[in-house]
Amino acid sequence: MNQEQTTGHPHIRPGRSPLVERTERATVGQTTVEDPRISCKNVAVYYDAKKAISNINLDIGRNEVIAMIGPSGCGKSTFLRCLNRMNDTIEGCTVSGQIFMDGKNIYDSDVDVVPLRAQVGMVFQKPNPFPKSIYDNIAYGARIHGLVQNRDETDELVVGSLKRAGLWGEVKDRLKMSGTSLSGGQQQRLCIARAIAVNPEVILMDEPCSSLDPIATAIIEELIDELKQDYTIVIVTHSMQQASRISHRTAYFYQGDLVEVGSTDQVFLNPLHQLTEDYITGRFE
Amino acid sequence: MNNLNKRAVPGNGRTIDIVKKGLNKRYRKERRFRVFGWAAVMISLGFLFLLFISIISNGYTAFQQTMVRLDVYLDTDVIDKDDLAGADYAKLIHEALLSVYPDVTKYNEKRKLYELVSTGAAYRLRDFVAKNRHAIGTTIQIWVPADDDVDMLIKGHIDRKTPQSRRRINDRQLAWVDHLISRGQVKKVFNMTFFTSGDSREPELAGIWGAVCGSFYTLIVTLVLSFPIGGAAAVYLEEFAPKNRWTDIIEVNINNLAAVPSIVYGLLGLAVFLNFFGLPRSVPLVGGLVLTLMTLPTIIIVGRSALKAVSPSIREAGLSIGASKVQLVAHHVLPQALPGMLTGTIIGMAQALGETAPLLMIGMVAFIVDIPAGFTDPSTVLPVQIYLWADSPERAFLEKTSAAIMVLLLFLMIMNATAVFLRRIFEKRQ
Ligand SMILES: Nc1ncnc2c1ncn2[C@@H]1O[C@H](COP(=O)(O)OP(=O)(O)O)[C@@H](O)[C@H]1O
Ligand SMILES: [Mg+2]
């Protein structure tokens, strides 16, 4: 079928201005917002000498859900991991540029990653509960940060977090059981509960539903919908439907470049860049 | 679009036919491979079986000891009630033997007669008298160990048909033994002495307990030093050390150290612990230090691979929740790696338990009769004891050697079983 869609013919829809050329890689759309929670300036990441992402300028607003989409290998995870400095743990990975939170560049040499990560929680693609009890999985972060002082407070926190993550009903009788004994969807919700138990301000999610079945996915999406009242959520997803269901804004990455940012409706219905349109219409490569 | 000529596989014919044609060859290959594997397992099992057969058939008789019953008159002239220890119990034993065979008068013949029972008989008698003072002045019945030559004869290791000149028991002694047997004064009992005594020049009095205690104290020192040091080194190198040229050099050298022949560690121990620090010779403390040096590389290498095997997703989980590096290691990585590290330690300990060469260099090869009671008492260890006995000319030490090997193997099996057991427990906990 590929023969029918040769590249190089910009599709110009009636009544609209022409799309930005494929060769043009400067970000189009609205990258800045008023009073941003996080503000990225000229972020670039290299794995050894290999460029993963470059020239990323992007603001993330307060209490917004922003979705990162793009073909695999385009640098979505890499960008996400810049926001809580998880890239620091990868050998040979260098990050340049600035990421401001509360007016402070988190890559300044005097910034401590421990409080940063307490402030910016993360949920991974593959659920990774600790091989400890469900209870301890949730209590762990609060304990190490000294957020709870005694048993009662811990109990309250565990119950509250599980309830928020919609897992309480399923696990309330087996809090002592290992977190790894749950099903995939339950494990992922446990990981979300674990992240929100520290009461972070931003939650990063890297394809949180990609290993889950549609029902578990729907539950998590519902959960994200609820969490967005209190948290800023940055979510990487490979599902455009998911992005359009849950996010306010969408950022499209392509080969290490941030190609287009805009409100989710605009990006999906009215993309400005040819590459974005290729992707959302399935004509990608 | 549906062009059948556009095939990925050249030639014509359905894929299923081609696959079926090759199938027999494929299965033949698999069968051949299975047979090879099976044969390899059988061969190694066979050798193991042979080893056990030869050790057990040589050694099982060591667990029995021939005893001779004597009627001893506890002569008040010989035993002074106020100085029980000073009495000449050997004389009483000799008189008891003479009373059975009053016709023996010549000095040489008497000596041959006395040789029927062990020199240990006198100690048995002494212990008996110490416990039964009231029996002094009466005649008592007591079972005393037979001499090792008699023991060998009873166990069938001495051939009666060999000419007298080449036999360790002469015809006269043979007659006495047969006579004693016919009177029911000879029996075989479980050889408790073997499990409760230290070494001895007399095979019938020699036991393994001294060496077991020596091995125990030595291994305690080794364990107490090598597990914490090796574990800490592994954790530091794997989790905290910067990856640079220096750590590369250290890593290469640890691998080299693991391959150094163990006797070199013995020489090092001799030079450092004995000559430089002036620690005593032949003691478990120094033995443990030397074996610590020897097992450390193993423990570090196994420990590092156990740490490396901890899944990165657990590390990410810990870090992303805001755990510091030390918290990550202490709370998440170590608990996961511990079973592997423990297994490595136990394997290192088993290695240390079977090690002889380095201990020879620091004098743990000495002939030691007393049971060591601490870390600084002169002692020997199980494998050295085996070596010493294997080197002894008496036939009776041959079976002791095999019996000691059985004891050593038993300890090794227990240690390995512990390693498996520990791993099961930890795995279940996760
Ligand atoms: N740990 C790593 N080491 C080296 N290269 C990496 C590493 N992680 C990602 N990359 C490379 O960086 C690029 C972006 O990867 P990633 O951010 O994981 O993409 P995405 O999440 O969009 O699929 C890819 O080309 C990938 O090969
Ligand atoms: Mg990714």
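The values are calculated or read from the model by the stated rules, or taken from the named source; none is laboratory data. No experiment lies behind these values; they were computed from the predicted model shown. Reconstructed Cβ throughout: ideal geometry from the backbone, glycine too, with neighbour counts over all protein chains shown. Note: areas computed on protein heavy atoms with side chains; ligands, DNA, RNA excluded. Shrake-Rupley method; radii C 1.70, N 1.55, O 1.52, S 1.80 Å.
Going through (1) on the phi > 0 side of the Ramachandran plot; (2) surrounded by 14 or more Cβ atoms within 10 Å (Cβ to Cβ) one by one, B:GLN185 falls short only on (1).
State which residue is surrounded by the most Cβ atoms within 10 Å (Cβ to Cβ) when the search covers only the stretch A:198-231 and only residues that are small (Gly, Ala, Ser) and touching a residue at least 12 places away in the same chain (Cβ under 8 Å). Among those residues, the one meeting the criterion is A:ALA216. Cβ-Cβ distances below 7 Å connect the following pairs, each with a first residue in the stretch B:321-340 that is assigned to a loop (DSSP other than H, G, I, E, B), a second residue that is open to solvent by less than 10 Å² (accessible area, probe 1.4 Å) and not aromatic (Phe, Trp, Tyr), and a separation of six or more residues or different chains: B:ILE321/A:GLY141; B:ILE321/A:ARG194; B:GLY322/A:GLY141.
Apart from one condition, A:GLN255 fits all of (1) under 17 Å from A:ASN57 (Cα atoms); (2) surrounded by 21 or more Cβ atoms within 10 Å (Cβ to Cβ); the exception is (2). For the stretch B:313-327, the set of residues classified as aliphatic (A, V, I, L, M) and at the interface with chain A (Cβ under 10 Å from one of its Cβ atoms) consists of B:ILE314, B:ALA317, B:LEU319, B:ILE321, B:ALA323, listed by residue number. Of all the listed residues (B:LEU307, B:LEU291), the sole one being at pLDDT 95 or above, crowded, with 24+ Cβ neighbours inside 10 Å and away from chain A (no Cβ under 14 Å) is B:LEU291. Among the residues making up the stretch B:92-109, those that are assigned to a helix (DSSP H, G or I), surrounded by 13 or more Cβ atoms within 10 Å (Cβ to Cβ) and not acidic (Asp, Glu) are B:LEU92, B:ILE93, B:HIS94, B:ALA96, B:LEU97, B:LEU98, B:SER99, B:VAL100. With the structure loaded, tell me whether B:GLN173 is open to solvent by 60 Å² or more (accessible area, probe 1.4 Å), polar (S, T, N, Q) and at negative phi or whether it fails that test. Considered against the rule, which asks whether it is open to solvent by 60 Å² or more (accessible area, probe 1.4 Å), polar (S, T, N, Q) and at negative phi, B:GLN173 comes out as no. The residue that is farthest from the chain's Cα centre (by Cα), counting only those in the stretch B:250-278 that are surrounded by fewer than 11 Cβ atoms within 10 Å (Cβ to Cβ) and assigned to a helix (DSSP H, G or I), is B:VAL252.
Filtering the stretch A:79-132 to residues that are at the interface with chain B (Cβ under 9 Å from one of its Cβ atoms), of a type in the set (S, T, N, Q) and open to solvent by less than 10 Å² (accessible area, probe 1.4 Å) leaves A:ASN84, A:ASN128. Against the test of being polar (S, T, N, Q), open to solvent by less than 10 Å² (accessible area, probe 1.4 Å) and at negative phi, the options A:ASN150, A:ASN137 yield a single qualifying residue, A:ASN137. B:PHE195 satisfies every condition listed in (1) in the same structural domain as B:MET294 (by TED's automatic domain parsing); (2) surrounded by 14 or more Cβ atoms within 10 Å (Cβ to Cβ) except (1). Of all residues in the stretch A:261-284, at least one satisfies being within 16 Å of ligand 2 (Cβ to nearest atom) and not in a strand (DSSP E or B). All conditions but one from (1) more than 14 Å from chain B (Cβ to nearest Cβ); (2) surrounded by fewer than 14 Cβ atoms within 10 Å (Cβ to Cβ); (3) within 16 Å of ligand 1 (Cβ to nearest atom) apply to A:ASP48; the one that does not is (1).
Could you tell me whether any residue of the stretch A:90-110 is of a type in the set (A, V, I, L, M) and within 14 Å of ligand 1 (Cβ to nearest atom)? Working first, answer last.
Restricting attention to the stretch A:90-110, the residues satisfying the condition of being of a type in the set (A, V, I, L, M) are A:90, A:95, A:99, A:101, A:106.
Filter once more, so that each one left must be within 14 Å of ligand 1 (Cβ to nearest atom): A:90, A:95.
Within the stretch A:90-110, one or more residues are of a type in the set (A, V, I, L, M) and within 14 Å of ligand 1 (Cβ to nearest atom).
Residue pairs whose Cβ atoms lie under 9 Å apart, sitting 6 or more positions apart in sequence or on different chains, and linking a residue in the stretch B:401-430 that is under 18 Å from B:MET349 (Cβ atoms) to a partner that is acidic (Asp, Glu) and open to solvent by 70 Å² or more (accessible area, probe 1.4 Å), do not occur here. Only one of the listed residues (A:LEU190, A:LEU162, A:LEU223, A:LEU204) is aliphatic (A, V, I, L, M) and either part of a loop (DSSP other than H, G, I, E, B) or within 16 Å of ligand 2 (Cβ to nearest atom) (or both). That residue is A:LEU204. Of all the criteria given as (1) more than 14 Å from chain A (Cβ to nearest Cβ); (2) open to solvent by less than 40 Å² (accessible area, probe 1.4 Å); (3) under 26 Å from B:THR292 (Cβ atoms), the one not satisfied by B:LYS400 is (3). Number of residues in the stretch B:354-382 that are part of a helix (DSSP H, G or I) and open to solvent by 10 Å² or more (accessible area, probe 1.4 Å) equals 3. The condition (being more than 9 Å from chain B (Cβ to nearest Cβ) and away from ligand 2 (no atom under 16 Å from the Cβ)) is satisfied by just one residue among A:LEU212, A:LEU182: A:LEU182.
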